[in-house]
Amino acid sequence: MYMEFICINDVTKQYKNGVTAIYDLNLKIKKGDFAFIIGGSGSGKSTLIKMLYREEKPTRGEIVVGGLNVAKLRNSKVYKIRRKLGIVFQDYRLLPKSNVYENVAFALEVIGAKKTEIRTKTLKALELVGLKGKVRDYPDQLSGGEQQRVAIARAIVNSPKLLLCDEPTGNLDPEMSMEIMRVLENINKTLGTTIIMATHDKEIVNKMKKRVIVLKEGRLINDYEKGKYDDEAIKND
Amino acid sequence: MKLLRMINFSLRDAFKSVFRNFSLSLASITCITITLVIVAVSLILSANVENFSKKIREDVTMVVYVNNGATTEQVETIRQQIASLDNIATLDFKSKDMVKQEMQSSDEFLNSIMSEWSAEENPLKDTFLVTVKDIEKIKTTVTSIRSLENVNLVDYGEEMIDKLITVFKVIEKVSIGAVIALVAVTIFLIINTIKLTIYSRKREISIMRLVGASNFTIKNPFVFEGIILGLLGSILPVLAIIFGYNSVYTHFDGKAISPLITLIKPTPFVYYLSAIIVLMGIVVGMIGSYRAVKRYLKV
Ligand SMILES: Nc1ncnc2c1ncn2[C@@H]1O[C@H](COP(=O)(O)OP(=O)(O)OP(=O)(O)O)[C@@H](O)[C@H]1O
Ligand SMILES: [Mg+2]
């Protein structure tokens, strides 16, 4: 058994085109942690997140998430890891023709949950992100921040132990971004969900005072407890 | 329970998709409809051809005329020789008196002439009426009988039977070919319809995958969609079969071309046929969607 919730051992990722996005990465993340992954463009943040939800397979090394060896998962078994975690992206990825409620409920429907269960869980998740009043609205009737909160509600509706976020505030103004961060912090505190968030946003990282994992050109160069945004490390030489 | 819920979900999804991409669905439904109608017509044709060619084969009777001078013993020899041949199904003797009586009773004028013939003057011939087991070998049988002593003539409507047999064979081959070609075209079109549905739902599929839907759940709606297309496509052909064949049957009074050729009775024929057509719609829809899913849904 692994003591840590997420264990990344000697992981290297080389894409088919020959670009190596991650070099020899070793990383452990505890249950209930809130960690930022920062780094310049192309430093491998998204690649790392993708490997955690088995969108990409590491070329070498081992990734264990909540006891599941993600690196070895076959394509037909990928759903197993997806049910253990939630994912939020910069571009929300909502269904435009479905309303807020349907968008969130969708995540439970496709895994075969009972109707009553879908209803209570969906409403609870929407309450947690502060959107209970907008269940009948469609995505194009919502602000960017609200759309992102729908996406977060969908990501947490199945009570995952892990929430992955790839630049969730990338398309939002500072005020809305802080709103999203309050929602994420709340989820982390009240539900105990482990959160890993890749970001460029200096202000957010400085304000939150969480763990900060710094990547540069595919290598882990710093790992701060209660860190702040590491300008020096990000700077392109 | 869970499986049932998933199937319900897939079905709902499939129906939604059929109506969401209605013009596309309509195209493949139309194609399935056309194919199935043609399949139905060829099935009706070949079933009927099969039916009346079987009847004709059973009914073909050759008439063996015996030489006028033959004695009773010679006639009996001929009877035994014919009976000993392989391909004989039935063998009846009709003496020239019986032929004469038959002819007299069938026609006033013939009656008036023939009534003056005495038994010795009767110029008609003793005959054997022969039916064969296998019509395809009738020529060999005819040749054998012709070579018998005291046999004058063998008559069996040679040309008409030959023609009918070749025509039936051609019809059968053409309709089988047409059905195979059409099924291939339809499957191709369904593959393309489902492919477009898959593309138009790429976003939904990627989200399903993201939130942990199993491959089975992701694929199911598309397979169901194919089945629904097949089912919808078979509605018109089934109606066409039931009402069309019934009215054709009544119109021709159960006969086609000549009174000799009878049509198959509509009940239960049309219901068997409808079942075949519906089944074929489903199977074709399923094959098409399954192939599309396999080829274009990379999960
Ligand atoms: N699918 C891919 N195929 C080939 N190369 C890729 C692929 N995805 C990313 N890369 C390359 O891998 C490297 C890391 O990319 P990645 O997207 O992980 O960076 P990032 O830190 O998320 O950058 P950004 O901050 O711009 O989002 C880059 O050099 C990129 O060009
Ligand atoms: Mg990125």
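If a residue has to be assigned to a strand (DSSP E or B), surrounded by fewer than 15 Cβ atoms within 10 Å (Cβ to Cβ) and not acidic (D, E) to count, how many in segment A:7-19 make the cut?
Going through segment A:7-19 one residue at a time, the tally reaches 0.
Residue under question is A:G61, and the condition is that it be over 30 Å from A:L172 (Cβ atoms), more than 12 Å from ligand 1 (Cβ to nearest atom) and at pLDDT 95 or above; does it hold?
yes
Could you identify the single residue in B:E102, B:E149, B:E116, B:E120 that is outside the structural domain of B:E50 (by TED's automatic domain parsing), in a helix (DSSP H, G or I) and either under 24 Å from B:I165 (Cα atoms) or open to solvent by 40 Å² or more (accessible area, probe 1.4 Å) (or both)?
Going through B:E102, B:E149, B:E116, B:E120 in turn, the sole match is B:E102.
Quick one: would you say A:K57 is surrounded by fewer than 22 Cβ atoms within 10 Å (Cβ to Cβ), closer than 25 Å to B:S214 by Cα, charged (D, E, K, R) and more than 16 Å from the chain's Cα centre (by Cα)?
Here the answer is yes, as A:K57 does meet what is asked.
Give segment B:191-217 a look and list any residue that's within 8 Å of chain A (Cβ to nearest Cβ) and either polar (S, T, N, Q) or assigned to a helix (DSSP H, G or I) (or both), or say none.
B:R203, B:E204, B:S206, B:I207, B:M208, B:R209, B:L210, B:S214, B:N215, B:T217 - these are the residues of segment B:191-217 that are within 8 Å of chain A (Cβ to nearest Cβ) and either polar (S, T, N, Q) or assigned to a helix (DSSP H, G or I) (or both).
Give just the number: which of (1) more than 10 Å from chain B (Cβ to nearest Cβ); (2) out of contact with any helix residue (DSSP H, G or I) (no Cβ under 8 Å at 6 or more places or on another chain); (3) outside any helix (DSSP H, G or I) does A:T116 not satisfy?
(3)
Can you pull out the residues in segment B:80-99 that are within 30 Å of B:E116 (Cβ to Cβ), touching a residue at least 12 places away in the same chain (Cβ under 8 Å) and part of a helix (DSSP H, G or I)?
Answer for segment B:80-99, where residues must be within 30 Å of B:E116 (Cβ to Cβ), touching a residue at least 12 places away in the same chain (Cβ under 8 Å) and part of a helix (DSSP H, G or I): B:K96, B:D97, B:V99.
Of these, A:K80, A:K28, A:K45, which one is within 16 Å of ligand 2 (Cβ to nearest atom) and either within 19 Å of the chain's Cα centre (by Cα) or away from chain B (no Cβ under 14 Å) (or both)?
The unique qualifying residue is A:K45.
Looking at B:S28, B:S23, B:S46, which is the one that is under 30 Å from B:S200 (Cβ atoms) and crowded, with 18+ Cβ neighbours inside 10 Å?
Only one candidate passes the filter, namely B:S28.
Condition test on A:K50, is it modelled with pLDDT of 95 or more and within 12 Å of chain B (Cβ to nearest Cβ)?
When the stated conditions are applied, A:K50 passes them.
With a cut-off of at least 3 residues that are away from ligand 1 (no atom under 14 Å from the Cβ), name the strands (runs of 3 or more DSSP E) lying wholly within segment A:172-237.
Per the criteria, A:219-224.
Could you please find all residues in segment B:31-43 being open to solvent by less than 30 Å² (accessible area, probe 1.4 Å) and either at pLDDT 85 or above or under 15 Å from B:L236 (Cα atoms) (or both)?
B:C31, B:I32, B:T33, B:T35, B:L36, B:V39, B:A40 - these are the residues of segment B:31-43 that are open to solvent by less than 30 Å² (accessible area, probe 1.4 Å) and either at pLDDT 85 or above or under 15 Å from B:L236 (Cα atoms) (or both).
Residue under question is B:F128, and the condition is that it be part of a strand (DSSP E or B), hydrophobic (A, V, I, L, M, F, W, C) and either open to solvent by 70 Å² or more (accessible area, probe 1.4 Å) or without any contact (Cβ under 8 Å) to a residue 12 or more places away in the chain (or both); does it hold?
no
If A:L123 meets every condition in (1) touching a residue at least 24 places away in the same chain (Cβ under 8 Å); (2) away from chain B (no Cβ under 14 Å); (3) not in a loop (DSSP other than H, G, I, E, B) apart from one, which number is that one?
Result: A:L123 passes all but (1).
Would you check which residues across segment B:3-18 are among the charged types (D, E, K, R) and more than 9 Å from every other protein chain (Cβ to nearest Cβ) and list them?
Listed by number, the residues that qualify are B:R12, B:D13, B:K16.
Those residues that are in contact with a Ser or Thr (Cβ under 8 Å, 6 or more places away or on another chain) and either open to solvent by less than 60 Å² (accessible area, probe 1.4 Å) or on the phi > 0 side of the Ramachandran plot (or both), I need them from segment B:64-89; list them, please.
Answer for segment B:64-89, where residues must be in contact with a Ser or Thr (Cβ under 8 Å, 6 or more places away or on another chain) and either open to solvent by less than 60 Å² (accessible area, probe 1.4 Å) or on the phi > 0 side of the Ramachandran plot (or both): B:V64, B:V66, B:L85, B:N87, B:I88, B:A89.
If you go through segment B:142-173, how many residues are in contact (Cβ under 8 Å) with a residue 60 or more places away in the chain and either polar (S, T, N, Q) or more than 16 Å from B:S84 (Cβ to Cβ) (or both)?
The qualifying residues number 13.
Within the set of pairs 6+ apart or on separate chains, which have a first residue in segment B:206-231 that is on the phi > 0 side of the Ramachandran plot and modelled with pLDDT of 90 or more, a second that is part of a helix (DSSP H, G or I) and open to solvent by less than 20 Å² (accessible area, probe 1.4 Å), and C-beta atoms under 9 Å apart?
B:G212/A:V78; B:G212/A:I81; B:G212/A:R82; B:G212/A:A107
The values are calculated or read from the model by the stated rules, or taken from the named source; none is laboratory data. On a predicted model such as this, the values are computed, not experimentally measured, just so you know. Positions of Cβ are generated from backbone atoms using ideal geometry, with glycine treated the same way; all protein chains shown enter the neighbour counts. Accessible surface is based on the protein model in full, side chains and every heavy atom, while ligands, DNA and RNA are left aside. Shrake-Rupley method; radii C 1.70, N 1.55, O 1.52, S 1.80 Å.
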